[in-house]
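This report refers to the structure that appears directly beneath it.
We did not get these values from a lab; they are worked out from the coordinates using the rules stated. Owing to the predicted nature of the structure, the values given are computational and were not obtained by experimental measurement. Here the Cβ positions follow ideal geometry from the backbone for every residue, glycine too, while neighbour counts run over all protein chains shown.
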Amino acid sequence: MSGNTVTKPQSLSFAPSRAARELELKRGEFDLAVHLGCVRTVPDEGGGGRRVSRTEIERLRSEEGYPEALRKRVETVGTKQGADLLEVTPARFTRLARLGVVVPVTFYLNRYRAVVWLYLAEELRQFADDAASTGLLTGTTPSGLREQLEAGLDLRARNWRGRHLGFLLRQADGHPWARAAAVASLLDPVQVAEIVQDPYERSHLGRFRPRPVAHGAPGSPSAQLAERIMTADHPDEIGWLRADLAQAVSEARLDHPAPRPASSPTGVRAAPNNPADQEPERSRGLLNRLLRRNP
């Protein structure tokens, strides 16, 4: 070989599909690992989405118990397997999930377009080992909770949305408009338009809107069902998100105003009756709690 041979440098980062192979994870396991913060990603300088640095790959490979330990952190189970882990019946497990005692981490739609919720196996093991959980796993359900279940209480979708918002905020990397877009993604467009009345700000917000969870072709019944799951439907949940969106947009506006045509007057602000200015602070609400939980 010639002494002038040029060796090709190793890639400094990998696309998600390649990173999953490097970490010996299935693509679904990899995506969940990213959402949970187990795998740290970086923005693609070319604007092609998120990537995983070689340093991060090497860090994970050097952890004790790799790759089994990493797979265990992202292991998910359905209702039957979850019930087995808690040593309860599937019916009791479903009641616990509807009450919000156990929180789903993801979901999929089966061939009948029924929602199948999945839970982190590691969280369920910890719940089962907690002495404080004994009363919920044995005996009869308290009458107050039983009445709520009979009235149709089901917090699974709402709790998943709260968890998913934490994922989105983590990926926002502290960017004010991306944080605001993460909150807006869980609200109906009409709600967003009421809070963000400036069309230029709404357009700018849309540029940072996270990709929706993909289920079926766009516009298909499955995609529409997934969209309903991703949209807040509890009045108090909507109230928190509206307040958080108003606060997040206000902070983003101060950090970097949305771009507008040169002919447009600068410094344009919403009218005094803008609902965004009337939303209660609620101690900065759900957004601040999630940011503290997912720094």
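Side notes on the structure shown:
- Here the Karplus relation 6.51 cos²θ - 1.76 cosθ + 1.60, evaluated at θ = phi - 60°, turns the backbone of the stretch 81-90 into coupling constants of 5, x, 5, 5, 5, 8, 6, 10, 6, x Hz, with x for every Gly and Pro.
- Across the stretch 246-262, coupling constants 3J(HN,Hα) worked out from phi with the 6.51/-1.76/1.60 Karplus curve, θ = phi - 60°, read 4, 5, 5, 5, 4, 5, 5, 5, 5, 6, 7, x, 5, x, 8, x, 4 Hz, and Gly and Pro carry x.
- Label-point separation, Asp236 to His175 (7 Å along Cα→Cβ), nm: 3.4
- Extension gain for the segment His256 to Ser203, taken as residue separation times 0.36 nm less the Cα-Cα distance, is 17.7 nm to one decimal.
- Percentage, to the nearest whole number, of Cα pairs in the stretch 1-160 over 19 Å apart: 64
- Where N is the number of residues in the stretch 190-250, Cα Rg divided by 2.2 N^0.38 Å: 1.26
- Under Karplus coefficients 6.51, -1.76 and 1.60, residue-wise ³J(HN,Hα) of the stretch 193-205 in Hz, glycine/proline x: 5, 5, 7, 9, 7, 6, x, 5, 5, 4, 5, 5, 4
- Label zone of Cys38 (point 7 Å out along Cα→Cβ, amide N under 15 Å): in the stretch 122-153 this covers 122-126.
- Taking the convex hull of Cα positions in the stretch 13-73, its mean projected area over all directions (nm²): 3.7
- Ellipsoid fit via the Cα gyration tensor, the stretch 76-154: semi-axes of 20, 17, 10 Å, each the root of five times an eigenvalue, largest first.
- Of the trypsin sites (Lys or Arg not before Pro) in the stretch 20-115, those whose Cβ has at most 13 other Cβ within 10 Å and which sit in DSSP loop: Lys26, Arg111
- Normalised convex hull volume, the stretch 148-247, alpha-carbon set, Å³ per residue: 113
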